[in-house]
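Written below as structure tokens is the structure these notes are about.
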Amino acid sequence: MPLPIQAIYTDGSGGFGPYGGRGICGYAAIVWHDKDTMTVLGGTETQSTHQRAELWAMILALNHLSHLKQQSYVGNVTESRIVPIFSDSKYVIDALNYDWIAKWQQNGWLNTKGNLVADRDLWLQLIGSHPAIFHHVMGHSDAWGKKGRLAQLKNRDRFGIHSDRHNLGNQLANSAAGQFRRGEKIKNCSISV
């Protein structure tokens, strides 16, 4: 029987940066269990974008929870506790928290600007997904200089004493997504926080 899940951290890594271009993208979900044990899930998509990688990471996390439920590990995953999922993609988190998918469907998959919603094929996979609590965490808290310090401060304001754990979870998801994108071997691990 798997260990209970404390939180899941997701991230996507685009080959050409977050603002455009297509290339090989990696995505990852770090499943943080009790006893500081993690399971690393992930994959790649060719001719993809950074945004698609962020969506794939979330789909992977939610599919993992659904799979555990189907394997009769219900007490660990669903009824006793809804698992928090953290992502540095505000777009994905807001879409899930504010039910943008239903609004897009009602509007013929047009966004508020009247443009077609990108990556509809992936958004459709999130409809009716396993229940979770979605949180936005500022990414790149390990970056040098002002960018990293600002992310750490914003996360501390948002999450208080748990901000160090959430910073680390996001950093591990970011690192794993990059490793998947580069085709590097990844293994599950145990850590101490």
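Probing with 1.4 Å while keeping every protein chain in the model, the per residue accessible area of region 98-193 equals 66 Å². Computed from backbone phi, the HN-Hα couplings of region 129-139 come to 6, 4, x, 7, 9, 9, 10, 8, 10, 5, x Hz, rounded to whole numbers (Karplus: 6.51 cos²θ - 1.76 cosθ + 1.60, θ = phi - 60°; Gly and Pro given as x). For region 89-177, the relative contact order works out to 21 percent when only alpha carbon pairs closer than 8 Å and six or more residues apart are counted. Among the chymotrypsin sites (Phe, Trp or Tyr not before Pro) found in region 141-182, those both in a DSSP coil and sparsely packed, with 12 or fewer other Cβ atoms within 10 Å of their Cβ, are Trp144. Each of Leu110 and Thr37 was given a label point 7 Å from its Cα along the Cα-to-Cβ line. The distance between the two points is 5.2 nm.
The values are calculated or read from the model by the stated rules, or taken from the named source; none is laboratory data. All values reported here derive from a predicted model rather than from experimental measurement. Every residue, glycine as well, gets a Cβ built from its backbone with ideal geometry; the counts of neighbours run over all protein chains shown. Heads up: the accessible areas ignore ligands, DNA and RNA and are worked out on the full protein's heavy atoms, side chains in. Shrake-Rupley method; radii C 1.70, N 1.55, O 1.52, S 1.80 Å.
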